[in-house]
Every structure is written in C-alpha cells, then in structure tokens.
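Working notes for the structure below.
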Amino acid sequence: MEKTVIGVFKSRGQVEKALRELRDSGFDETEVSVLAREDKGRGDDGGATTMGVGDDELSEGVATGGVLGGLAGLLAGVGALAIPGIGPIIAAGPIAGALTGAVTGGVAGGLIDWGIPEERGRHYESRLREGHILALIRADERRVDRAARILRENGAQEVETHDADRR
C-alpha cells in the first residue's frame, strides 16, 4: 500500500537539503512533491521562504534554481498556481497536477487525493499560508520510515504519514 509522508519546513535551505538526501536515497521525481507560497521580501534565515521572483518568472525561477536550487531535475511538473485565500504558490512534482484541478478547493482539497484527511489538509494549508514549505513523498510501506527520517533530520516539523490510497 502506498503512503504519503508530509513535512513542514521553515526554510528553502532545509527543503533543498532534504530533497538532495531523498534523491540520494533512491526517491525519484515521481514520488517527491513540494508546495511553497510566493513570499517576497523574507529571507532564507530560518524564517519563511523567499521565492524572490516576479509572477511572470515564477515557474521559470523554480526550473532555473530560484526556488529549489539545482534540484529542479528531481521534481517533475513544476507549476505556479493562484489559490484563493493563499495567493500564488509553487507546486513541484506530482502534486502539481492534482492541485491544478483543485484550485477552487484550495490546497486542502488537493491533499485529499493524497490520503490526507480534510482537517489535516486545512492545517497544512494554513502552514503554507504562513509561509512554510510542504514536502510530500509518496512511497510504499517499506520506504515510509526512511522518507520520514530524512525529512526530520533536515529540519521538517509536523512529519506525518497517511494512507495514500484512502479516499
């Protein structure tokens, strides 16, 4: 059974380190996703993330390293979305496709398809609104503990595991 591991990061640097380690541990672009809010004017000093690119350059910034450094090759399907109540966000990885159709339901609605209960999805949506970054890994049961450990070791808070196949 597939599961979704989700973690909340405070900074872009933490996410980049976690993505690098996930890649080195055998996780690939079909398993890893990142959600981040565009939040101009805040630094990468342990606080909320800085996307630091204009609206027209949002997805290009991800692909060229503005948001996720040199790790864009790990993540497939990068996109910029405007989510009501949150504003512009970056969705990288398989979650990008799921959220494209769920814009009206917000992030919480898109996370339901990843097995995250609506109540927890609303919580994660609020964390995103606050400027935190969400990392999601969809993996089989044998690799869930490794994914969760990598997220925690790289600074993720609120690391949880949910059954991805649950509806």
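The values are calculated or read from the model by the stated rules, or taken from the named source; none is laboratory data. Treat the numbers as computed from the prediction; the structure is a model and nothing was measured. Glycine gets a Cβ as well: all are built from the backbone with ideal geometry, and neighbour counts include every protein chain shown. All accessible areas refer to the heavy atoms of the entire protein, side chains included, with ligands and DNA or RNA removed. Shrake-Rupley method; radii C 1.70, N 1.55, O 1.52, S 1.80 Å.
Some observations on this one:
- Inter-site label distance for ARG23 and GLU158 at 7 Å from Cα along Cβ, in nm: 2.7 nm
- Sequence of GLU153, GLU2, GLU31 when ordered by accessible area, the most exposed leading, probe 1.4 angstrom: GLU153, GLU2, GLU31
- Whole-Hz couplings from phi, Karplus 6.51/-1.76/1.60, listed for the stretch 9-23; x for Gly and Pro: 10, 8, 9, 4, x, 4, 4, 4, 5, 5, 5, 4, 5, 4, 4
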